[in-house]
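The values are calculated or read from the model by the stated rules, or taken from the named source; none is laboratory data. Predicted model, so just to flag it, every value in this text is computed and none were measured. Positions of Cβ are backbone-derived with ideal geometry, glycine not excepted, and every protein chain shown enters the neighbour counts. Quick note on the areas: whole protein, heavy atoms, side chains included, nothing else; ligands and nucleic acids left out. Shrake-Rupley method; radii C 1.70, N 1.55, O 1.52, S 1.80 Å.
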Amino acid sequence: MIAAFLVLTVGGGGDELSAARRFAQGWERQDFAAMYGEVSPRAAKHYSLAEFTDGYGKAQETATVTRVTTGDPSEAESGGQPAAVVPVSLDTHAFGQISGRLLLPLADDKIAWSPNLVFPGLGPGQRLVRRARVPERAPILSRDGTPLAEGPAAARSSPLGVAAQAVAGEVSSPSPEQDRELSRLGFPPGTPTGTSGLELAFNRRLAGRPGGQLVAVASDSGNPPSGGPVLASSKPLPGKPVHATIDPGLQQAAVAALGGQYGGVAVLDARDGSVLALAGIAFSGPQPPGSTFKVITTTAALEAGVVELTDRFPIQTSTVVGGREVANAHNEACGGSFVEAFAESCNSVFVPLGPKIGSKRLVEAAELYGFNSPPSLFHHAAIRAVNPPESTIPASIPNDLELGVSAIGQGQVLATPLQMASVAQTVADGGTRRPTRIVSDRKLRPRAQPVRVTSEQIATTLRNLMVQVVVSGTGTAAALPGVQVAGKTGTAELGPKALEPGQQGSSDAAPEQKVDAWFTGFAPANDPKLAAAAMVVNANGDGGTVAAPIIRQVLAAGLGAG
């Protein structure tokens, strides 16, 4: 506690004490209009309510006051005039608790107010200034202690270089809103602050608590002179480190595998869901997940009993749903058994499953997998509030056409690589979805609990289906020697490509589509250790040729496979 013996003058006698009491109670409530109502008529002629309110606001901001507490006033005298002594305690961010007594002068049963009374200890003609001392910013550490970010706020660095920035984020000039918050906490204006990633999410913890001095100076002075009376002081408290679950080797591998492509990669521990690597827009910038969503559709279909592995489907290049024709990728003919249809990612089989499953069951399955919920990366609501749901599906899907395209991850379905890595982790863990936590500090862990999404039997079926995708289906480019990979490709259409200048489209052929390329999977299939997903936006190829090799490279690095 920082003690200061503070003086404010109030008036004497019963009425005077009543005015002082009402004034002090108004200050506790931050009811400046009520306080102003106790000001003497002479003072009110010189100072408006706006000036009065602004004076208290600026003083409290300077001192970083969070709460004002007052006690009962007692009679006193000041300079031969009636006064009242009021016990006051000010809780502050930067200076702890400042406690003492206030004296307020009185005239005609009202408070003879003057501007120095906005803060205890100020003399006539003085104002309050703060000399701030900024603490050392704490590091962000990976799971083995390698710094993801360290050093002063203005010059953060990491041995991992740019690979760390995708997770750690940036420290830079604050936005106007952040600058106001920093000032409220006691930092000087313009102090560099976390603006993305973990630097933003845990900025308060990493930045520490500023210290410094509260000084009374002449009201007409500029910068505070060195000899001004010190009303309170405190030492800065350094920030506390944040321990991330990130694996440095996997983080570098994920960033390298994504390369310069616009997209994202997320890698999870298949056993507990913790985040091992994030690259690019792994948990932001959601996109249609395409056929990776068929893992969820299959879950819902098996749960509802609308499909069995022994079912046979016609070999065809397209199907019609809700009066619209939906083609297979590259207009390929596919069908056969459900195992073959899943391995070949056959739209003509999966589109009709949407209406059979129905809106309620499809949406419920997606939400059990984590859709329509904020990522459980962080612990408390204030942080999660800046991370709204990134992976979404409409709460109600209105018709057969929308159900059909939703069943293949198109329409209004959106997901991030983090979400689809979580889908793979759920299958890998026997149908249980684990919170995707990114910090290991106990107090910072998410409160989210594991969720039973589907039965172990259905999860085993899904695993076997995903193995066939990599063995003989669309995901063979994810295969690793000596390690069985289970996965699912996805290729989401975004709309027709724009024609180059002078290029003419054919009226007979369908226009070439812009696509997102996806792959999600886990390995080893029978003893899962890693779950991962990759997405490349506006890719030059489909999920099997663009995204699957990215995950192969990441899994190879993490599992030591060739």
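Listed values, structure above:
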read-out	value
Accessible-area ranking of L141, L403, largest first, probe 1.4 Å	L141, L403
L102 long-range amide H proximity, modeled H, under 5 Å	L8, V86, V88
Inter-part distance where the stretch 24-44 and the stretch 161-178 are each reduced to a Cα centre, Å	44
When the convex hull of its Cα atoms is projected in every direction, mean area for the stretch 237-286 (nm²)	5.0
Counted charge near R204, where neighbours are those whose Cβ lies closer than 12 Å (Asp, Glu -1; Lys, Arg +1)	+3
Leading residue at positive end of dipole, the chain (Cβ point charges), from F32, Q287, C334	F32
Highest to lowest packing among 323-329, 306-312, 368-374, 124-130, scored as the average C-beta count within 10 Å	368-374, 124-130, 323-329, 306-312
Alpha-carbon centroid distance for the pair the stretch 106-124 / the stretch 362-376, whole angstrom	59
Directionally averaged projected area (convex hull, Cα atoms, the stretch 305-462), nm²	10.0
Student exercise, the stretch 190-311 dipole from Lys, Arg, Asp, Glu Cβ charges, in Debye to nearest 20	640
Largest to smallest principal axis extent of the C-alpha atoms in the stretch 245-327, angstrom	47, 29, 21
The chain - charge dipole about Cα centre, Lys and Arg +1 at Cβ, Asp and Glu -1, debye rounded to 20	1260
Radius 13 Å from Cβ of Q25, net charge of other residues (Lys, Arg +1; Asp, Glu -1)	-1
Exposure of T545 as accessible area (Å², to 10), given a probe of 1.4 Å and all protein chains	90
S219 long-range amide H proximity, modeled H, under 5 Å	Q126, R127
Listed peptides 257-270, 422-435 by packing density, highest first (mean Cβ within 10 Å)	422-435, 257-270
Peptide ranges 50-62, 525-537, 334-346 listed from the most packed, as the mean C-beta count within 10 angstrom indicates	525-537, 334-346, 50-62
Eligible lysines near K356 by straight Cα distance, threshold 25 Å, same-chain separation 8 or greater	K294, K488
Placed amide H near A232: partners under 5 Å, 5+ positions off or other chain	L214
Expected-Rg normalisation [2.2 N^0.38 Å, Cα atoms] applied to the stretch 59-155	1.68
Mean Kyte hydropathy of -1.0 or more with a Cα span along the axis of at least 20 Å, helices from DSSP in the chain	49-63, 456-472
Extension gain (nm, one decimal) between R204 and D311, 0.36 nm per residue minus Cα-Cα	32.9 nm
Tail weight of P(r) past 18 Å, computed on alpha-carbon pairs of the stretch 189-321, percent	77
If the convex hull is drawn through the Cα atoms of the stretch 107-202, its volume per residue in Å³	143
DSSP-defined beta bridges in the chain - what % are antiparallel, rounded to 5	95
Partner aspartates and glutamates for K529 [C-alpha distance under 14 Å; skip if fewer than 8 residues away on the same chain]	D247, D269, D272, D429
Ratio of Rg to Rh over the chain (Cα coordinates, Kirkwood Rh, two decimals)	1.17
Under 19 Å from the Cα of K45 - lysines, other chains or at least 8 residues apart	K110
